[in-house]
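J.: Provided herewith is a single structure, encoded as structure tokens, for subsequent inquiry.
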Amino acid sequence: MIVYGSRSTHLKSEQLRNAVCPNCETRGQMTASVYGRHAHVFWIPFFPMGKQGILECQHCHKGFKPKELDEKVKLEYTNFRRTVKTPLWKFAGLGIVALLIGAGIYSDKMNDAKVEELVASPAMFDKYTFKTETNYYSTFKVVEVYEDSIYVNYNDFETDKKSGIKDIDLEKNYDKDIYVLTNAQLKELHDSGKIKDIERDK
């Protein structure tokens, strides 16, 4: 279950020196407070949703919304509100998402570089994850390496998600028949983006 919603936090308060309370007519006792609202997911702030203001007379303790005040007090409140900045932590969720996306892109690039390197120099027992003609995922393993080709055993099973490879990558699932892939065919598979990963025992 995803827990999400919104909440407000206090940002800043300041006494308005020239404001006159509409209720008790006392000057200089109006305190303006600004609250920032933000959306959250699992209580992690994601992005701000605007600011709200409230004013309270410290003499008669009556509260007011900015729109309930005369123009002079509104102007003083507006000038104060402009000094209130949205704290960066209210963007924490967006920052986390950006970091995760960046990490994913970096990981993909590193994997692409690894695959390109291993395709260029096949080795015994390499295990390839590839995308099939039906847009599923499967594997084949290298059983022999020659100068211009490799011999492989194909996995008899497929999965609709790359993450499902671990469930079908079982020794009993590999066909005993041996198939030949020339270096040119292997390169073509890589260039077309069908080879998604290669595992090599260290």
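The values are calculated or read from the model by the stated rules, or taken from the named source; none is laboratory data. The structure presented is a predicted model; accordingly, all values stated were derived computationally and were not measured. When we count neighbours, we look across all protein chains shown, and the Cβ atoms used for this are built from the backbone with ideal geometry, even at glycine.
J.: If we keep just the residues of region 25-69 that are aromatic (Phe, Trp, Tyr) and closer than 30 Å to residue 94 by Cα, which is modelled with the highest pLDDT?
T.: Restricting to residues being aromatic (Phe, Trp, Tyr) and closer than 30 Å to residue 94 by Cα, the top hit is 35.
J.: Go through region 22-43 and give me each residue that's surrounded by 14 or more Cβ atoms within 10 Å (Cβ to Cβ) and not in a loop (DSSP other than H, G, I, E, B).
T.: 30, 31, 32, 33, 34, 35, 36, 37, 38, 39, 40, 41
J.: Would it be correct to say that residue 76 is part of a strand (DSSP E or B) and more than 30 Å from residue 99 (Cα to Cα)?
T.: No: the conditions fail for residue 76.
J.: Look at residue 52 and say whether it is within 28 Å of residue 3 (Cβ to Cβ), surrounded by fewer than 17 Cβ atoms within 10 Å (Cβ to Cβ) and among the polar types (S, T, N, Q).
T.: yes
J.: So, in region 79-95, how many residues would count as being assigned to a helix (DSSP H, G or I) and in contact with a strand residue (DSSP E or B) (Cβ under 7 Å, 6 or more places away or on another chain)?
T.: Of the residues in region 79-95, 8 are assigned to a helix (DSSP H, G or I) and in contact with a strand residue (DSSP E or B) (Cβ under 7 Å, 6 or more places away or on another chain).
J.: Do we have residue 69 as of a type in the set (A, V, I, L, M) and loosely packed, with under 10 Cβ neighbours inside 10 Å here?
T.: no
J.: Starting from region 170-182, keep only residues that are under 23 Å from residue 119 (Cβ atoms), then list their pairs with residues that are of a type in the set (A, V, I, L, M) and part of a helix (DSSP H, G or I) whose Cβ atoms are within a distance under 9 Å, requiring at least 6 positions of separation or different chains.
T.: Pairs found: 181/189.
J.: Could you tell me which residue of region 1-11 is farthest from residue 86 (Cα to Cα), considering only residues that are surrounded by fewer than 16 Cβ atoms within 10 Å (Cβ to Cβ) and modelled with pLDDT of 90 or more?
T.: Only one residue fits best here, namely 5.
J.: Same structure, new question: Would you mind stating whether residue 182 is modelled with pLDDT of 95 or more and surrounded by fewer than 17 Cβ atoms within 10 Å (Cβ to Cβ)?
T.: Yes: the conditions hold for residue 182.
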